[in-house]
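To start, the structure itself, in structure tokens.
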Amino acid sequence: MRGNRINTLSPGWVNTELTRKEDERSLVNKKFYEWHLLGIGEPEDVTGTVLFLLSDRARWITGTNVVVDGGYLLGGIIDHYKKL
């Protein structure tokens, strides 16, 4: 295992054919979109991080999960504390 890098990426809601179909079929709560502080992502918003993790610039990064979600998790936390 020495020399192997093991990382994961957790993307948020990304504007793709699949997510557009899901959005049209379901009644997604408006709060869901508001929680994305930087808006809904595009595929290229995620690919940069993937390319970085695959590059030699990330050669000393392992055992981590990178969240690329446009601020979704933070938006949910902020919304939660506004209610308190």
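The values are calculated or read from the model by the stated rules, or taken from the named source; none is laboratory data. Just so it is clear, the structure is predicted and the values come from calculations on it, not from any experiment. Here the Cβ is made from the backbone with ideal geometry for all residues, glycine too, and neighbour counts use every protein chain on show. Ligands, DNA and RNA are excluded from the accessible area calculation, which covers all protein heavy atoms including side chains. Shrake-Rupley method; radii C 1.70, N 1.55, O 1.52, S 1.80 Å.
Taking amide H atoms as placed 1.01 Å from N in the peptide plane, the amide H of residue 9 lies under 5 Å from those of 66, each 5 or more residues away in sequence or on another chain.
The HN-Hα couplings worked out from phi for the range 11-22 by the Karplus form 6.51 cos²θ - 1.76 cosθ + 1.60 (θ = phi - 60°) are x, x, 6, 10, 5, 10, 4, 5, 6, 5, 5, 5 Hz, whole numbers, x standing for Gly and Pro.
Across the accessible surface of the range 1-67, with the other protein chains kept in place and a 1.4 Å probe, carbon and sulfur atoms take up 57 percent. Label positions at residue 37 and residue 15, each projected 7 Å from the Cα along the C-beta direction, are separated by 2.1 nm. Once the 1.4 Å probe is applied to the protein heavy atoms, the range 2-74 comes out at 79 Å² accessible per residue. Once the chain is represented by equal point scatterers at the alpha-carbon sites, with solvent omitted, what log10 I(q)/I(0) does the Debye formula produce at q = 0.11, 0.17, 0.24 Å⁻¹? Each listed q maps to, in turn, -0.41, -0.80, -1.13.
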